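**Q** Here it is, the structure, as structure tokens.
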Amino acid sequence: MKFLERWVDTITHPPAFGLDISDRTAKFIQLAKNKNGGFDIAQFGEMEISEGIVVSGEIKKPAELGKLLRDFRDADGKRVRDRFVVASLPEEKSFVRVIQLPKVKLQEVDSVIKWELEGNIPLALSELYFDYEVLDPVANHLDHYDVLVTAFPKSLVDSYVAVLKHEGFVLVALELESQAISRAVIEDPGGKEAVIIVDIGATHTGFIIFGGGSMIFTVSIEVGGKDFDEAIMKGLGVSQEEARNLKKNIGLDRRFKNGVLFEAMVPTLSVIMDEIKKQLWFYRDHAEHRHGIDPEIRRIILSGGDANLVGLEKHLSLALKKEVVVARPFVKILNKEHATLPPLKKSDIIRYTTTVGLALRGAGY
Ligand SMILES: Nc1ncnc2c1ncn2[C@@H]1O[C@H](COP(=O)(O)OP(=O)(O)OP(=O)(O)O)[C@@H](O)[C@H]1O
Ligand SMILES: [Mg+2]
């Protein structure tokens, strides 16, 4: 994504840490190459962000975010001293889409892409950074090119860059959250399998269709863990803390209190499921374009904190008749011999998917 490269400080750098800023949390991981050619976790940490500082990915209070980042500490309470960083931009605001372009028209690619963006993003072209990449065809003999188009609002990129630079960070790379997630989650990037990654975070759920070595489409909805929490509070008349505990410990287990908890969570779950269905259909309907890649999405890969919900995989696989798996974001690190696992709870590992993807890039993966 070249439009993001203009911000990057092109100097040689030690492994940079990955920094994932969400609305209510920021997380970082720094990897170090080990003697065996793999990576170890050098440092990692997480901090809470109070409500209102970052809203739907927009930095509303830059000075306060800066102050938090200045005092970022790792899991042992040590202040983060390294300055080199790979950071992500919020998925809510990004545009990612593969479009088809007749071969003869490659010289017109600019105007086709502008047309596509104007029809899909409610912002003037002058307010966007955008970029495109002609994808390597999975099958040759195509009469057209597949072109990956990415775009992001200028003002937002600028605001992330400003806060990070103001705090003395050196930006080694800036990328879309979906890019980082794909890097961490896709175990065989060159494969022909088409998958959908569903990242269920506290405030939003991101959907990434990936196949043939590239992202094909992404979308994000403003529904996430907080909606489960609120529905449980209302439905069962409990406090926020109790609601979270019920969600984490009982989840989608229908046997609990005659299914009242399950019933409370169903509306939120349905919104997420309906979006997956829509994407499965959309992909199938446009499969004639996916030369060589699976004509159907074969697997659903879950990530984000609410992917921990007890019974979620089973529920989705029965309802959608697809294989559903939970992502293993540390696989690319741990595949290597003698790599050490981070001292994280199993349920926390999946919350670090984006951060792992960023850290992998920072370590030169
Ligand atoms: N064991 C668990 N079972 C169910 N949900 C869990 C569990 N552990 C954490 N969560 C939920 O995960 C969510 C946080 O996940 P994550 O860290 O991926 O979100 P985030 O990246 O901060 O948010 P976003 O990306 O939406 O801005 C919260 O809703 C939390 O309640
Ligand atoms: Mg997240």
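Throughout, read-outs are computed from the coordinates displayed, never taken from laboratory work. Computed from a prediction, not measured in an experiment: that's the story for all the values here. We place every Cβ from the backbone using ideal geometry, glycine too, and count neighbours over all the protein chains shown.
**Q** What's the local net charge at Lys27, with K and R +1, D and E -1, over the other residues with C-beta under 13 Å away?
**A** Neighbourhood net charge equals -4.
**Q** Using the Karplus curve 6.51 cos²θ - 1.76 cosθ + 1.60 with θ = phi - 60°, work out ³J(HN,Hα) for each residue of the stretch 343-353 in order, rounded to whole Hz, and write x for Gly and Pro.
**A** x, 10, 5, 4, 6, 8, 4, 5, 7, 9, 4
**Q** Just the number, please: percent antiparallel of the DSSP beta bridges in the chain, rounded to the nearest 5.
**A** Beta bridges within the chain, antiparallel portion: roughly 70 percent.
**Q** Over the chain, what number does the Rg to Rh ratio reach, with both radii from the alpha-carbon atoms and Rh per Kirkwood?
**A** Taking Rg over the Kirkwood Rh, I get 0.96.
**Q** What percent does the relative contact order of the chain come to when contacts are Cα pairs within less than 8 Å and at least six residues apart?
**A** With pairs under 8 Å counted, the relative contact order is 22 percent.
**Q** Moving on. Which of the aspartates and glutamates could a cross-linker bridge to Lys60, judged by Cα under 14 Å and excluding same-chain residues fewer than eight apart?
**A** Qualifying aspartates and glutamates at Cα under 14 Å: Asp23, Glu51, Asp158.
**Q** While we're here: Can you give the translational diffusion coefficient of the stretch 1-83 in µm²/s, computed by Stokes-Einstein from the Kirkwood radius over Cα pairs at 4 °C and 1.567 mPa s?
**A** 90
**Q** Return the subset of Lys27/Lys114; Lys2/Lys165; Lys234/Lys332; Lys154/Lys277; Lys114/Lys278 for which the Cα-Cα distance in this structure is over 29 Å, preserving the input order.
**A** Checking Cα-Cα distances, Lys27/Lys114; Lys234/Lys332; Lys154/Lys277 exceed 29 Å.
**Q** Pick from Phe256, Phe210, Phe152 the residue whose mean-square fluctuation is largest in a GNM of the chain, springs joining Cα atoms under 10 Å.
**A** The residue with the greatest mean-square fluctuation here is Phe256.
**Q** What's the FRET efficiency of Arg254 with Glu64 using the Cβ-Cβ distance as r and R₀ = 45 Å, to the nearest 0.05?
**A** In this case the efficiency is close to 0.60.
**Q** Along its three principal axes, how long is the stretch 188-326 when you only count alpha carbons? Whole Å, largest extent first please.
**A** 52, 25, 24
**Q** Taking H placed 1.01 Å from N in the peptide plane, check which residues at least 5 places from Leu176 or on another chain put their amide H under 5 Å from its amide H.
**A** Here the answer is Leu89, since their amide H atoms fall under 5 Å of that of Leu176.
**Q** Same structure, new question: Please list, short to long, the whole-number percent of alpha-carbon pairs of the stretch 147-265 in consecutive 10 angstrom bins beginning at zero.
**A** All Cα pairs, binned at 10 Å, distribute as 11, 28, 26, 25, 10, 1 percent.
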